[in-house]
Amino acid sequence: MTRPRLVAGACACVAALVVAACGTGSRSSATDRSVTRGSVPAAVDAVTGHAIRSGLELNIGDQDQFLETLFKASGALTGASYKANFVEFDSGPLVDAGFAAKRIDIGFMGDLPASLAAKSGLPVEAVAAFLPIGASEYLLAKPGISAIAQLKGRPVAYTTGTSEQAFALRALATAGLTQKDVHQVNVSLQQLGTVLQSGAADASVVSVEQKVDYQQSHPGATVLATIASVQPASYAYLLGTRSAIADPDKLAVIDDFTHRLIEASNWEKAHPAQFIQDYYVTVEHQTTANARLILSAGGSYTFEPLGAAEQTALQNVVDLMSSAGAIPTAYRISPLFDPAEAARYNQIVKGVPQSD
């Protein structure tokens with residue numbers, strides 16, 4: 001699926017975000033929307049064999065209206081006997097806060113916010129994983145800088161507490177640098193391109209959209225690394241609450257939704273022009289020309305089975321943050337991975353052929 005900014009927020013501590021989220025009624029952090037299809041006979045979960053009862057609701061933590069738009073455009077929820085409520089958040093850490101506030105059953109985010117869910121002891125597990133196809137995140141430098149080693153002692157922009165921070169540290173490590181070797185410019189995700197434009201940073205972790213904007217005015221800018229060029233791979237995760245997974249009715253709905261999500265992703269890859277209009281132009285307010293550049297630069301996903309590679313990659317994020325001094329101590333992310341849930345999801349992935 002085409003990638004929105006999966007994560008945001010300047011705070012690395014989920015607990016603080018949880019307090020903030022629970023103490024405000026502002027709709028700027030989260031907004032409820034729903035996509036409802038007419039009442040139809042109950043289906044059967046192809047994984048568990050459990051009947052999907054009519055009238056159930058699934059609360060989904062969304063970002064940037066991405067999933068909501070994807071499902072509306074593709075019609076992938078047509079025939080579903082349950083109601084999908086899309087709860088919009090501004091960031092991955094705030095999706096974690098949504099879990100803590102018991103507002104959502106499932107929610108998606110990048111790798112660092114997923115690891116922070118384990119750190120804070122949120123009762124959630126991974127129910128899906130997806131891997132970027134192509135370069136969807138960039139370490140972009142101003143003209144005149146051509147190598148990561150040249151960033152030593154220079155201002156580099158990335159946002160604390162996000163998967164962009166994890167990517168930045170992985171990229172710096174390829175040249176033997178750590179967070180202590182650069183001067184971090186810690187701004188919101190929306191400002192990562194702005195600080196590069198203004199000269200406040202010599203390099204920045206930017207999205208496809210920000211890369212396109214900056215290179216149009218600075219054709220000599222250099223891509224020093226992409227999310228596809230660093231190791232280990234940077235996965236995104238769909239997490240679900242243990243209470244929802246333990247409920248046979250809700251689990252059947254989650255399995256069905258995951259199946260439909262893969263089908264919706266296949267639809268998007270087959271209909272790029274329509275998705276450009278529905279998402280990038282209508283929701284993200286990009287021009288059609290820029291939207292085409294964004295989509296051609298990268299940003300699609302493939303859904304990957306949950307296994308050792310995904311767990312190792314997520315643990316690497318934590319270990320890298322700890323060794324770089326970005327967090328006080330390392331912690332284990334293993335509570336996010338349940339073999340039984342992984343086996344159910346892997347059966348779904350096996351049963352739905354994915355488009356390239």
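The values are calculated or read from the model by the stated rules, or taken from the named source; none is laboratory data. These numbers come from a predicted model, not from an experiment. Because the Cβ atoms are built from the backbone with ideal geometry, glycine has one as well, and the counts that use them run over all protein chains shown. Each accessible area value is taken on the protein alone, full model and side chains, heavy atoms only, with ligands, DNA and RNA left out. Shrake-Rupley method; radii C 1.70, N 1.55, O 1.52, S 1.80 Å.
Does the stretch 246-300 hold any residues that are buried (at least 20 other Cβ atoms within 10 Å of the Cβ) and among the acidic types (Asp, Glu), and which are they?
255, 256, 268
I want to confirm something. Restricting to the stretch 132-160 and keeping residues that are charged (D, E, K, R) and open to solvent by 20 Å² or more (accessible area, probe 1.4 Å), which single residue is farthest from residue 188 (Cα to Cα)? Show your work before the answer.
Applying the first criterion (charged (D, E, K, R)) to the stretch 132-160 yields 137, 142, 152, 154.
Restricting the remaining residues to those that are open to solvent by 20 Å² or more (accessible area, probe 1.4 Å) gives 142, 152, 154.
Details: 142: 19, 152: 22, 154: 19 Å.
Looking at the filtered set, the residue picked out is 152.
Here is a list of conditions, (1) of a type outside the set (A, V, I, L, M, F, W, C); (2) within 19 Å of residue 231 (Cα to Cα); (3) in contact with a strand residue (DSSP E or B) (Cβ under 8 Å, 6 or more places away or on another chain), and residue 354 meets all of them except one; can you say which number that is?
(2)
State all residues of the stretch 305-323 that are more than 13 Å from residue 111 (Cβ to Cβ), open to solvent by less than 50 Å² (accessible area, probe 1.4 Å) and either in contact (Cβ under 8 Å) with a residue 12 or more places away in the chain or among the charged types (D, E, K, R) (or both); if no residue qualifies, say none. Working first, answer last.
The first filter runs over the stretch 305-323 and keeps only residues more than 13 Å from residue 111 (Cβ to Cβ), leaving 305-308, 322-323.
From what is left, the residues that are open to solvent by less than 50 Å² (accessible area, probe 1.4 Å) are 306-307, 322.
Within the stretch 305-323, 306, 307 meet the criteria.
For the stretch 324-343, give me each residue that is in contact with a Ser or Thr (Cβ under 9 Å, 6 or more places away or on another chain) and either open to solvent by less than 20 Å² (accessible area, probe 1.4 Å) or among the small types (Gly, Ala, Ser) (or both).
324, 325, 326, 330, 333, 336
Mind listing whichever residues of the stretch 98-120 are modelled with pLDDT under 95 and assigned to a loop (DSSP other than H, G, I, E, B)?
If the condition is that a residue be modelled with pLDDT under 95 and assigned to a loop (DSSP other than H, G, I, E, B), then 110, 120 are the ones that fit.
Select from the stretch 168-186 the residues that are in contact (Cβ under 8 Å) with a residue 60 or more places away in the chain and either of a type outside the set (A, V, I, L, M, F, W, C) or part of a loop (DSSP other than H, G, I, E, B) (or both) and list them in ascending order.
Scanning the stretch 168-186 gives 170, 178, 179, 180, 186.
To keep it simple, each residue is scored yes or no on (1) of a type in the set (Phe, Trp, Tyr); (2) open to solvent by 40 Å² or more (accessible area, probe 1.4 Å); (3) touching a Lys or Arg at 6+ places or on another chain (Cβ under 8 Å).
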| position | (1), (2), (3) |
| --- | --- |
| 114 | no, no, no |
| 118 | no, no, yes |
| 162 | no, no, no |
| 171 | no, no, no |
| 183 | no, yes, yes |
| 200 | no, yes, no |
| 204 | no, no, no |
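Determine the pairs where a residue that is part of a strand (DSSP E or B), located within the stretch 50-65, has a partner that is among the charged types (D, E, K, R) and surrounded by fewer than 20 Cβ atoms within 10 Å (Cβ to Cβ) with Cβ atoms under 7 Å apart, the partner being 6 or more residues away or on another chain.
Listed pairs, sorted by first residue: 57/83; 59/103.
Can you work out which of the residues in the stretch 87-97 that are surrounded by fewer than 24 Cβ atoms within 10 Å (Cβ to Cβ) and in contact with a helix residue (DSSP H, G or I) (Cβ under 8 Å, 6 or more places away or on another chain) is modelled with the highest pLDDT?
Let us first name the residues in the stretch 87-97 that are surrounded by fewer than 24 Cβ atoms within 10 Å (Cβ to Cβ), namely 87-88, 90.
Cutting the leftovers down to in contact with a helix residue (DSSP H, G or I) (Cβ under 8 Å, 6 or more places away or on another chain) gives us 87-88.
Numbers: 87: 97, 88: 94.
The selected residue is 87.
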